[in-house]
Amino acid sequence: MTRWQAARDEHSWDRTIRPWDAYFAVTWTATLAFVLGAKHPGWPVRLAVVLLLVPLVPWYAAVGRAVIQLREPDESRAVRYLAGAMVLFLPAAVLVGETRLMSFALIPQCFMTLRMRRALIAVTVINLAPVAGWALLWRPQLPDLFANSLFAVVTLVFSVVLGSWIIRIIRIIEQSSERAELIAELDAGRHEISRLSAAHGALAERERMAREIHDALAQGFTSLLMLVQAVEAELDHDLPQARRHLALMDRTARQNLAEARALVAGGAPADLDGASLPDALRRLVARHGNAGGDRSGTATPRRRRGGRPALLPGGADQRAQARGQFRAGRHPPRLHGRCAHRRRPRRRLRVRPGCRVLRLRSDRAAGTGRGGGRYGDGTQRARRRYDGDGTAAPGR
């Protein structure tokens, strides 16, 4: 998993409970220190306050942390937690004024777990009730009462401002959570599109291989069928010629098997293995000429350099083009063999600067074959299967 993927799988708000734990611990420890160091009231009262403050720690750890971490607010659990915390906090704050420092830990929890209206009510009680109870219990002097009351009011205002900011942060977290879910759905959709695209590509590749294998096998079987017919006709009066045709049948069968294996392996046709396109076309025409008992097929390179056909550079695109032209060029002999008005199939390869043009010609009378289709339909199909720089002239 990359760092980017790990960051996508994590949410920053899932790690925010630890700072709040530290904040609660620091506030509780400071409050306990202030209570123990207070000059008034005496030790028995301060010890009672310590006994009230101690249970706040397990109460927060057992109930409060779980309530704060909820993504969807559960106000019933929040009310129970805050009610239990106030039961421990308010008496202690009335007995010892220094205990009111603990309100700085409880007030943020009110806004984090309650809705705004209920949070304001709880915050008001936490800020004002301790001062009122303290004044009624201890009857302080007017300056002390004024100072404590002013401190309570300032704390209440600060709490409202802080609470508004906390509510805003919570809304941002909710929006971020919704966006995270949307991003997760988009990622799932993108993965599904990638999977479907890969499946479609695999299906298209299987269909292509099926067509290629069908063409190769059909060509070989047509040649074998023609050779079998020739051998049957020659067994009685021309045994040497029949043996030559049997040897040609063996070579044709091996060539057909090698072609099928090359297609499955994703390589070039067997005729193109270690040979140029014109040479492969010559062998193809010669093989079909021998199968048909004549030498009518021709393969003519139009331009030569140093006695060899001028070919394009041997890059991947040029090799793919040569494979496509060769596979397109092997259709007319097979179709010609099935045509009742066969005359002469031709392939003519013309090399020009930057391109190769393969022209497929099947000279026969125009008309309708026995299957109901026009002569030349097979050449049209070959042209549709190879859509590149090769050109075919159907019906000619």
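Quick note: the coordinates plus some simple rules give every number you see, no bench work behind them. Since the structure is predicted, the reported quantities are computational estimates derived from the model, not experimental observations. Cβ placement follows ideal geometry from the backbone for every residue including glycine, while neighbour counts extend to all protein chains displayed.
Taking one quarter of the surface of the convex hull spanned by the alpha-carbon atoms of the stretch 29-101 gives a direction-averaged projected area of 4.8 nm².
Between the beta carbons of residue 116 and residue 207, assuming R0 = 56 Å, the FRET efficiency works out to 0.35 to the nearest 0.05.
Within the P(r) computed for the stretch 10-188, what percentage of the Cα pairs occupies the region above 25 Å? So the pairs more than 25 Å apart make up 37 percent of the total in the stretch 10-188.
In terms of other Cβ atoms within 10 Å, 59, 28, 134 run from fewest to most in the order 59, 28, 134.
Between residue 142 and residue 57, the distance separating the two model label sites (each 7 Å from Cα on the Cα→Cβ line) works out to 4.4 nm. The distance between label points at residue 162 and residue 36 comes to 2.4 nm (points 7 Å beyond Cα on the Cα→Cβ vector). For the stretch 196-261, with equal point scatterers placed on the C-alpha atoms only and solvent neglected, what are the log10 I(q)/I(0) values from the Debye formula at q = 0.22, 0.23 1/Å, to two decimals? So the normalised log intensities are -0.85, -0.89. Among 126, 121, the ranking by other beta carbons within 10 Å of each residue's beta carbon, starting with the fewest, stands as 121, 126. Dipole magnitude for the stretch 10-188: computed about the Cα centre from +1 point charges on Lys and Arg Cβ and -1 point charges on Asp and Glu Cβ, it is near 680 debye.
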